[in-house]
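> Pasting a structure here, questions to come.
The values are calculated or read from the model by the stated rules, or taken from the named source; none is laboratory data. All values reported here derive from a predicted model rather than from experimental measurement. Backbone-built Cβ (ideal geometry, glycine too); neighbour counts: all protein chains shown. When the accessible area is computed, the model is the full protein with side chains, heavy atoms only, and any ligands, DNA or RNA have been set aside. Shrake-Rupley method; radii C 1.70, N 1.55, O 1.52, S 1.80 Å.
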Amino acid sequence: MNILVDAFGGDNAPDEIVKGVLVALYKHPTLQITLVGKQDKIESLLAEKSYDHERLTIIPATEVIDCDEAPVNAIRTKKDSSLVVALDKLKTGEFDGMVSAGSTGAVLSGAVLKLGRLQHVSRPALAPLLPTQNGGRVLLIDCGANMDCKPINLCHFALMGSTFMKTMFGIETPRVALLSVGVESAKGNQLVLETYPMLQKMDINFVGNMEARDALSGDYDVIVTDGFGGNILLKGMEGSAKMLLGAMKGAMLSSFKSKMGALLLKKSLKAQLKKFDYEQYGGSPLLGTKQLVVKAHGSSKAKQIVSAIEQVMGFAQNHLLDRLGEALSNFKSDESNEQTLEQTPVEQVQSTTSNQVD
């Protein structure tokens, strides 16, 4: 298995990217990795490091796409950037997938423009796995790729999400929920109200609406929403967790007694917090493109890069693209929905990446 890694994508590139690649090679003796980026810098980081030189290749690229650049324009003008070169190589079919921690907008735009969509996919979607309180996981689709959606888009998200959980975790009938402001079928905005009956008619285990407070309850396997709502949900949970942990730390250090109590609880607390360690998932797969792409978090360090590489390995080994293609080919959409599917790739990218969040 040969995986491409964008060595210059992310806040901690290329140092942490290269560290993660070396760890992944050590953990997986048959894995091959191809790093893409400024060759002299990569070689300097690899100097005097112990690794199997036959399993690590470098493809030179002289440019880097920054997070503050307009995504579509950057993809079109920076043809020798590490991201564009990696996507061009991935398109050849010689590699099993790729990982990038670079600009979310650029990764999404580049993947759609360079790789194209799977047949019958109206819009690809970012789908991170989130840990649940019972030790399981739930797939959030979409979390920021598509700010404005139509009901047919959410139907495709639901189908891809359900297929993903079946393929990757062996869940026979994944529980699919639609994010809304109440569990009642009559609650929600226009998008939710129109999507609800369409999901009911699909060959998936649609369990109805779900409120944001229940996202990590473990009662659902797939949460379907547009990228706007999904990103708010994701960032809201991150902010709440940060505030709660900060408050707990402050309380534990407030007095001698609380410090002693914290010491006694340390082992149990660590075990509980490990359930919510997002680093174990590495990144968010982009579901709906013709090749496997995992978007790692912009602040990823070596540990997350290893996890993202292992995600791609798992997707390839389980033939995820084939399973998605089969599920989508069996999905029937009406004539008006088919018009949505006929958007050109450029229109698709411009409409879905205009308001990206890393």
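> When only residues in region 143-174 that are within 25 Å of residue 236 (Cβ to Cβ), aliphatic (A, V, I, L, M) and in contact (Cβ under 8 Å) with a residue 60 or more places away in the chain count, which is surrounded by the fewest Cβ atoms within 10 Å (Cβ to Cβ)?
147
> Then there is this: Any residue in region 44-53 that is crowded, with 20+ Cβ neighbours inside 10 Å, touching a helix residue (DSSP H, G or I) at 6+ places or on another chain (Cβ under 8 Å) and not small (Gly, Ala, Ser)? Break it down into steps so the answer makes sense when it comes.
Going through region 44-53, the residues crowded, with 20+ Cβ neighbours inside 10 Å turn out to be none.
Scanning region 44-53, I find no residue that is crowded, with 20+ Cβ neighbours inside 10 Å, touching a helix residue (DSSP H, G or I) at 6+ places or on another chain (Cβ under 8 Å) and not small (Gly, Ala, Ser), so the answer is no.
> For a quick check of your reading of the model, give me the residue pairs whose first member lies in region 75-97 and is without any contact (Cβ under 8 Å) to a residue 60 or more places away in the chain and closer than 19 Å to residue 319 by Cβ, whose second is of a type outside the set (A, V, I, L, M, F, W, C) and open to solvent by less than 10 Å² (accessible area, probe 1.4 Å), with beta-carbon atoms closer than 9 Å and at least 6 apart or on different chains.
none
> When the residues of region 215-227 are filtered to those that are farther than 13 Å from residue 175 by Cα and modelled with pLDDT of 95 or more, which remaining residue is least open to solvent (accessible area, probe 1.4 Å)?
Ranking the qualifying residues of region 215-227, first place goes to 225.
> Then there's this: Mind checking which residues of region 282-296 are of a type outside the set (Val, Ile, Thr), assigned to a strand (DSSP E or B) and either at pLDDT 90 or above or more than 25 Å from residue 173 (Cα to Cα) (or both)? It would help to see each step written out before you state the result.
As a first pass, look at region 282-296 and keep what is of a type outside the set (Val, Ile, Thr): 282-288, 290-292, 295-296.
After this cut, where a residue has to be assigned to a strand (DSSP E or B) as well, the list is 283-287, 295-296.
Answer for region 282-296, where residues must be of a type outside the set (Val, Ile, Thr), assigned to a strand (DSSP E or B) and either at pLDDT 90 or above or more than 25 Å from residue 173 (Cα to Cα) (or both): 284, 285, 286, 287, 295, 296.
> Take region 189-215 and flag every residue that is in a loop (DSSP other than H, G, I, E, B), closer than 18 Å to residue 236 by Cβ and in contact with a helix residue (DSSP H, G or I) (Cβ under 7 Å, 6 or more places away or on another chain). Let's see the steps before the verdict.
The first filter runs over region 189-215 and keeps only residues in a loop (DSSP other than H, G, I, E, B), leaving 189, 202-204, 215.
Remaining after also requiring closer than 18 Å to residue 236 by Cβ: 189, 215.
Once the filter is applied, which keeps residues that are in a loop (DSSP other than H, G, I, E, B), closer than 18 Å to residue 236 by Cβ and in contact with a helix residue (DSSP H, G or I) (Cβ under 7 Å, 6 or more places away or on another chain), region 189-215 yields only 215.
> Determine which single condition residue 144 fails, assuming it passes every other condition in (1) among the small types (Gly, Ala, Ser); (2) modelled with pLDDT of 95 or more; (3) touching a strand residue (DSSP E or B) at 6+ places or on another chain (Cβ under 9 Å).
(2)
Each row is one residue, and each column tells you yes or no for (1) among the aromatic types (Phe, Trp, Tyr); (2) closer than 14 Å to residue 5 by Cβ; (3) modelled with pLDDT of 95 or more; (4) assigned to a loop (DSSP other than H, G, I, E, B).
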{"site": "298", "(1), (2), (3), (4)": "no, no, no, yes"}
{"site": "306", "(1), (2), (3), (4)": "no, yes, yes, no"}
{"site": "311", "(1), (2), (3), (4)": "no, yes, yes, no"}
{"site": "314", "(1), (2), (3), (4)": "no, no, yes, no"}
{"site": "323", "(1), (2), (3), (4)": "no, no, yes, no"}
{"site": "337", "(1), (2), (3), (4)": "no, no, no, no"}
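> Another question, if that's okay. Can you tell me how many residues within region 175-186 are open to solvent by less than 10 Å² (accessible area, probe 1.4 Å) and touching an Asp or Glu at 6+ places or on another chain (Cβ under 9 Å)? Even if it seems obvious, please write down each step before you answer.
Pass one, region 175-186, residues open to solvent by less than 10 Å² (accessible area, probe 1.4 Å): 176-178, 182.
Next, from what is left, pick out any that are touching an Asp or Glu at 6+ places or on another chain (Cβ under 9 Å): 176-177, 182.
Matching residues across region 175-186 total 3.
> Considering each residue of region 224-269, count those that are out of contact with any Cys (no Cβ under 7 Å at 6 or more places or on another chain), within 22 Å of residue 105 (Cα to Cα) and not in a helix (DSSP H, G or I), and give that number.
2
> Of the residues that make up region 19-27, is at least one touching a strand residue (DSSP E or B) at 6+ places or on another chain (Cβ under 6 Å) and open to solvent by 60 Å² or more (accessible area, probe 1.4 Å)?
Checked region 19-27: no residue is touching a strand residue (DSSP E or B) at 6+ places or on another chain (Cβ under 6 Å) and open to solvent by 60 Å² or more (accessible area, probe 1.4 Å).
> Next up: Of everything in region 79-107, what is assigned to a loop (DSSP other than H, G, I, E, B) and among the basic types (Lys, Arg)? Give them in sequence order.
Here is the first cut: in region 79-107, the ones assigned to a loop (DSSP other than H, G, I, E, B) are 79-80, 92-96, 101-103.
Result: 79, single match.
> Inside region 1-78, counting only strands (runs of 3 or more DSSP E) that do not spill past its ends, which hold 3 or more residues that are over 21 Å from the mean Cα position of the chain (by Cα)? Can you show your working first?
Numbers: elements: 2-6, 32-37, 56-60.
Passing ranges, in order: 56-60.
> Given the structure, is residue 264 modelled with pLDDT of 65 or more, open to solvent by 90 Å² or more (accessible area, probe 1.4 Å) and more than 26 Å from residue 139 (Cα to Cα)? If you could, list the steps in order and put the result at the bottom.
On the way: modelled with pLDDT of 65 or more: yes; open to solvent by 90 Å² or more (accessible area, probe 1.4 Å): yes; more than 26 Å from residue 139 (Cα to Cα): yes.
When the stated conditions are applied, residue 264 passes them.
> Please specify each residue of region 129-142 satisfying the condition of being open to solvent by 10 Å² or more (accessible area, probe 1.4 Å) and either more than 22 Å from residue 310 (Cβ to Cβ) or part of a loop (DSSP other than H, G, I, E, B) (or both).
If the condition is that a residue be open to solvent by 10 Å² or more (accessible area, probe 1.4 Å) and either more than 22 Å from residue 310 (Cβ to Cβ) or part of a loop (DSSP other than H, G, I, E, B) (or both), then 133, 134, 135, 136 are the ones that fit.
> Hey, another quick one. Determine, yes or no, whether residue 348 is in a loop (DSSP other than H, G, I, E, B), within 19 Å of residue 111 (Cα to Cα) and at pLDDT below 90.
On the way: in a loop (DSSP other than H, G, I, E, B): no; within 19 Å of residue 111 (Cα to Cα): yes; at pLDDT below 90: yes.
No, not satisfied.
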